[in-house]
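J.: One structure, as structure tokens, below. Some questions next.
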Amino acid sequence: MKITLVNYHTGDQINSRVPKSLVKIWGVTPPLGLAYIAAVLEKEKYNVSILDVPALNLTKNETYEELKKQKPDVVGITCMSSTISGALEAAQLAKKTGAIVVIGGSHVAACPREILSHEFVDYGLIGEGEHTLPLLLKAIENKTPLKNIPGLVYKKDREIIVNPGFGFVEDLNYLPMPAYHLLPMEKYNLVIALHPMITMVSSRGCPGQCGFCFKKPGDRKLRFRSPEKIVDEMEFLIKKYKIKEIVIADDNLTTSKPNIRKICNEIIKRKLKFRWEAPTRVDFVDLEILKLMRKAGCRRLRYGVESGDEKTLKLMKKGVTLDKIRQVFKWTKRAGIEAFAYFIIGYIGETEESIKKTINFAKELDPDMLMFCAATPLPDTNLFDLAISHNFVDKNYWKNYTLGKTSKRLPFFVKDTDKWIKKAYRSFYFRPKYILRMLMKIRSWHDIKKYYYAALGLFLFRMEK
Ligand code: B12
Ligand code: SF4
């Protein structure tokens, strides 16, 4: 049986938190979920390939031609809530080639029935696909019953059935390494990272409760890979693909301090020379850990700061204070690690005053880089519930969006959120102090390129309507 796993986005992600021009400049990173599934399928002797359309920069027609050429029996497509329209377009293309179409990824958990109501989608799988996709393939091959596959969504006599449960990998250490060899490795790049770069996962799940964050089924259960396996994978990537920078794609790298200590010590012991960076929370680090991480090659940490207003932080259920954030940003600088800060603008309950506080707080923290995102109510989040209760959004918005019944963008909750975001970027990045600091930091051609693209992104964003 031949399987093609597809990552496909259209340009019209109307519900992206990040403006189009900045998404373009940001770069392209690999679909790790598909690479994990592909590795398991290969182990089970399936003939599998990955078609990463954004990385290969294929048009709709080129994607169709490629699928026709590959002629897979089954096409598995990944989706997030804001990329579901693209995933459905890919499903239509795959169906036209005669393949069985399976959709997986975050949005299936939110709108399983709506996804399956499209005639060109045959199956949906809720949750992690490493165990459940092979179960489905075997059931298709052997024509055996489907009712015991956890989280499977399928059609029976015109009825859509959603099996209880969801795909879940209890022990990450039993998974093979992602099938990097099936990815166009040289195509991946990130404006802030050295090239060649790659992303990697060390854990799954997060104990945080942030009101805007979408939890995939299974994300509430924290799971860690063994530090040895993580560093084995890093070593493999450096040796095989000459990777210069690894970008960790966990929710938070430092949820377990014993684990991160072991990872750092293992990198130091093996004398691996590469740069790495990761996302974390201010309440998951301390100065000692930060120093150890720097010693092990960590160059940048990405923190979800979100707001400069205590009241808004509480509304967001962030669980941290402004003082804690201040302290950790000082520690991060002291440890010699660059800080990247994410902020949200226009949360429900915000005022002009609180947005101004956020902009001022960003300047006070003075991170090396930052991103201002528009508050976006993903399905099944506290922010979405708030948006419904304040009559900003219809409770069926995501269902209707998935069914193709609406193509309207989610509304902003604070008037002129988009203008505030532009203002925020301008007042942070166009400070003479910041520009001078960045110029002083230029050490290489990579630095020049990085700042050039970042500046271009900001310029295009200013022009964006
Ligand atoms: C890295 C990342 C990105 C990368 C994507 C890289 C890529 N090419 O995939 C970038 C930076 C581009 C990105 C962008 C966005 N992201 Co993002 N991202 C992540 C992050 C941090 C890690 C993803 C990852 O690699 N996970 C590890 C792998 C192993 O898990 P996975 O991808 O989920 O795949 C597993 C299952 O979902 C399932 N599965 C996935 N696909 C398929 C397909 C089939 C056929 C099957 C059977 C199963 C299956 O099985 C996989 C293996 O277990 C997640 C958070 C998280 N921890 O997952 C957010 C996350 C996926 N992103 C999210 C969001 C909102 C976005 C943005 C919309 C943000 C924005 N700009 O507004 C954009 C989307 C725009 C776009 N064009 O991509 C949300 C999605 C929520 C939702 N309801 O869909 C998440 C969950 C974060 C969050 N908690 O809110 N993102
Ligand atoms: S810390 Fe990050 S991953 Fe965890 S709940 Fe908050 S936003 Fe989501």
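J.: Using the alpha carbon gyration tensor of region 141-277, what are the three equivalent-ellipsoid semi-axes (square root of 5 times each eigenvalue), largest first, in whole Å? If you can, show how the numbers build up before the last one.
T.: Numbers: eigenvalues 225, 74, 47 Å².
With the √(5λ) rule applied to region 141-277, the semi-axes are 34, 19, 15 Å.
J.: Next up: Roughly what would the spin-label model give for residue 353 and residue 69, points 7 Å off Cα along C-beta, in nm?
T.: 6.1 nm
J.: Sort by residue number and name the cysteines in the chain that have no neighbouring cysteine Cβ under 4.7 Å.
T.: Result for the chain is 79, 111, 206, 264, 298, 373, no neighbouring Cys Cβ within the cutoff.
J.: Still on this model: Based only on Cα atoms, what mean projected area does the convex hull of region 1-135 have, in nm²?
T.: Values: hull surface 30.8 nm².
Average projection, Cα convex hull of region 1-135: 7.7 nm².
J.: For region 380-434, what number results from the quotient of the Cα radius of gyration and 2.2 N^0.38 Å?
T.: 1.58
J.: Also: Just to confirm a number: summing +1 for Lys and Arg and -1 for Asp and Glu over residues other than residue 184 whose beta-carbon lies under 13 angstrom from that of residue 184, what do you get? Show your work: numbers first, answer last.
T.: On the way: positive: 187; negative: 52, 66, 186.
Counting the neighbours of residue 184, the net charge comes to -2.
J.: For a test of understanding, tell me how many lysine pairs in region 378-465 have Cα atoms under 24 Å apart, given they are 8 or more places apart or on different chains.
T.: 23
J.: Could you report the chain's accessible area per residue, 1.4 Å probe, as an integer in Å²?
T.: I get 45 Å² per residue for this part.
J.: Determine one quarter of the surface area of the Cα convex hull of region 38-79, which equals its mean projected area, and express it in nm² to one decimal. Can you show the working numbers first?
T.: On the way: hull surface 13.7 nm².
If you wrap the Cα atoms of region 38-79 in a convex hull and average its projections, you get 3.4 nm².
J.: Show me the ranking of peptides 436-444, 56-64, 374-382 by mean Cβ neighbours inside 10 Å, starting with the highest.
T.: 374-382, 56-64, 436-444
J.: Quick one: check the C-alpha center-to-center distance for region 306-365 versus region 144-199, whole angstrom.
T.: Centre-to-centre (Cα) distance: 33 Å.
J.: Let me ask something additional. Send over the semi-axes of the chain's equivalent ellipsoid, whole angstrom and largest first, taken as the square roots of 5 times the C-alpha gyration tensor eigenvalues. Kindly include the intermediate steps, with their values, before the conclusion.
T.: On the way: eigenvalues 248, 148, 91 Å².
Those come to 35, 27, 21 Å.
J.: Restricting to DSSP H runs of at least four residues, report the calculated mean residue ellipticity at 222 nm for the chain, -39500 (n - 2.57) per run over all residues, nearest 500 deg cm²/dmol.
T.: Values: 19 runs with 198 residues, N = 465.
Taking each H run of at least 4 residues, the total per residue is -12500 deg cm²/dmol.
J.: Return the carbon/sulfur percentage of the accessible area of region 217-370, one whole number, probe 1.4 Å, all protein chains in place. Please list the in-between numbers first.
T.: Numbers: 3300 of 6280 Å².
Result for region 217-370: 52 percent of the exposed heavy-atom area is carbon or sulfur.
J.: Sticking with this one: Quick query: amide H of residue 394 versus all other amide H atoms, modeled in the peptide plane; which residues come in under 5 Å with a sequence gap of 5 or more or a different chain?
T.: Excluding prolines and chain starts, which carry no amide H, there are no hits.
J.: Using modelled backbone amide H atoms (1.01 Å from N, in-plane), which distant-in-sequence or interchain residues come within less than 5 Å of residue 5's amide H?
T.: So residue 5 has HN proximity to 49, 50, 51, 76.
J.: Let me ask something additional. Would you check region 34-127 for Lys pairs whose C-alpha atoms are within less than 17 Å, ignoring same-chain pairs closer than 8 in sequence, and give me the count?
T.: 11
J.: Have a look at the DSSP beta bridges in region 55-152 and tell me what percent are antiparallel, nearest 5.
T.: Numbers: 1 of 9 bridges.
Once the DSSP bridges in region 55-152 are tallied, antiparallel ones form about 10 percent.
J.: Tell me which of 343, 386, 425 sits at the most positive position along the dipole axis of region 339-465, charges placed on C-beta atoms (Lys, Arg +1; Asp, Glu -1).
T.: Ranked along the dipole, the leading option is 425.
J.: Please list, by residue number, everything in region 421-447 whose backbone N is under 17 Å from a paramagnetic label point 7 Å out along Cα→Cβ of residue 455.
T.: Only 426-447 pass the distance filter.
J.: Among 376, 362, 404, whose Cα sits farthest toward the positive end of the charge dipole of region 351-419 (+1 at Cβ of Lys/Arg, -1 at Cβ of Asp/Glu, about the Cα centre)?
T.: Selected residue: 404.
J.: If you add up the charges near residue 406, with Lys and Arg at +1 and Asp and Glu at -1, over every other residue whose beta carbon is less than 11 angstrom from its beta carbon, what do you get?
T.: Values: positive: 399, 405, 408, 409; negative: 394.
Summing Lys/Arg as +1 and Asp/Glu as -1 gives +3.
J.: If I take every Cα pair under 8 Å that is 6 or more residues apart in region 1-83, average their sequence separation and divide by the length, what percent do I get for the relative contact order? Each step should come with its number before you reach the end.
T.: Numbers: 90 pairs, mean separation 49.3, N = 83.
Relative contact order here is 59 percent.
J.: List the relative contact order of the chain as a percent without decimals, with contacts defined as Cα pairs under 8 Å and 6+ residues apart.
T.: Details: 828 pairs, mean separation 66.2, N = 465.
Normalised by residue count, the contact order of the chain is 14 percent.
J.: When 1/r is averaged over all different Cα pairs and the result inverted, which Kirkwood radius in Å belongs to region 285-396? It would help to have the intermediate numbers written out before the result.
T.: Details: mean 1/r = 0.0661 Å⁻¹.
In region 285-396 this quantity evaluates to 15.1 Å.
The values are calculated or read from the model by the stated rules, or taken from the named source; none is laboratory data. Predicted, not measured: the structure shown is a model, and the values here were computed from it. Reconstructed Cβ throughout: ideal geometry from the backbone, glycine too, with neighbour counts over all protein chains shown. Calculation scope for accessible area: heavy atoms of the full protein, side chains included, ligands and nucleic acids excluded. Shrake-Rupley method; radii C 1.70, N 1.55, O 1.52, S 1.80 Å.
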